[in-house]
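Each value in this text was obtained by applying a stated rule to the coordinates, not by laboratory testing. None of these values were measured; they are calculated from a predicted model. Every residue, glycine among them, receives a Cβ derived from its backbone with ideal geometry; neighbour counts consider all protein chains shown.
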Amino acid sequence: MALNNAMTADFLRSAYGGESMAHMRYLIWGEYAEKDGFPNIGRLFKGVAYAEWAHAKNHFNVLKEQVGDSSVAAGAVFGHTNIVDNLQGAINGELHEVDQMYPVYLETARFQNEKDAEKAFHYALEAEKIHAKLFQDAQDKAKEGKDIEIDTIYVCPVCGYTEIGDNVEKCPVCGVKKDMFKAF
Ligand code: FE2
Ligand code: FE2
Ligand code: FE2
């Protein structure tokens, strides 16, 4: 279904750009983490990268009838210094999404009665809250020079819900069955 409101469409394009870059940045930072001797933090980056892919895909799909260009500006796109700083970049990005970006985008979609966009923003917002916490826990360990000790990471392919370990039967955010989750 085509979107009726330009403001929501602009927010979807912006969110698509931001999620796409977060996906790539986390894959790259994940490789650095592994190379620097933090394989579990590397695995966390890669699992969360998959969640950001799911978010980008959802935004793309809501926009798929709006054929055209878009330019993207996003913060914290480049740079690798060390694992603690990379994790701070990740935390800052996630918290920006949780505190500012997705609440505003979500309220706008709701106000403009864009149901598909509302769902895509809601899914992302819920996952980013978890990501901020996971990256914060990882950074606390990395500051001590230690890797995190974590079980398998499971990520919902529909909404990006992310959890450590085998705790749920189905996704608490979107309801998809656990056997659809991707494990890292
Ligand atoms: Fe995301
Ligand atoms: Fe995230
Ligand atoms: Fe889900």
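Counting 0.36 nm for each residue step from Asn4 to Lys115 and taking away their Cα separation leaves a gain of 38.9 nm. Secondary-structure-derived ellipticity at 222 nm for the chain, considering helices only, amounts to -20000 deg cm²/dmol, per-run term -39500 (n - 2.57) for DSSP H runs with n ≥ 4. Put simply, when 51-58, 16-23, 108-115 are sorted by average Cβ atoms within 10 angstrom per residue, most first, you get 51-58, 16-23, 108-115. Placing +1 on each Lys and Arg Cβ and -1 on each Asp and Glu Cβ, with no other charges, gives the chain a dipole about its Cα centre of roughly 300 debye. Given a Förster distance of 30 angstrom, what is the FRET efficiency for Asp85 paired with Met180, based on the Cβ-Cβ distance and rounded to 0.05? Efficiency at R0 = 30 Å is approximately 0.30. Counting only Cα atoms, the size of the stretch 3-67 along its three principal axes is 49, 15, 13 Å, in decreasing order. Considering only Gly93, Gly42, Asn82, and ranking their Cα positions along the charge dipole of the stretch 40-94 that arises from unit charges at the beta-carbon of Lys, Arg, Asp and Glu, the one farthest toward the positive end is Gly42. Summed over all non-identical Cα pairs, the Kirkwood treatment of the stretch 30-148 gives a radius of 15.5 Å.
The packing ranking of peptides 26-37, 86-97, highest mean first, is 86-97, 26-37, where packing means the average number of other beta carbon atoms within 10 angstrom of each residue.
With the simple model of a label 7 Å out from the Cα in the direction of the Cβ, Glu31 to Lys129 spans 3.4 nm. Note on Val72 and Glu107: with the Förster distance fixed at 25 Å, the Cβ-Cβ geometry gives a FRET efficiency of about 0.70. Only the Cβ atoms of Lys and Arg (+1) and of Asp and Glu (-1) were treated as charged; on that basis the dipole of the stretch 76-181 about its Cα centre amounts to roughly 180 debye.
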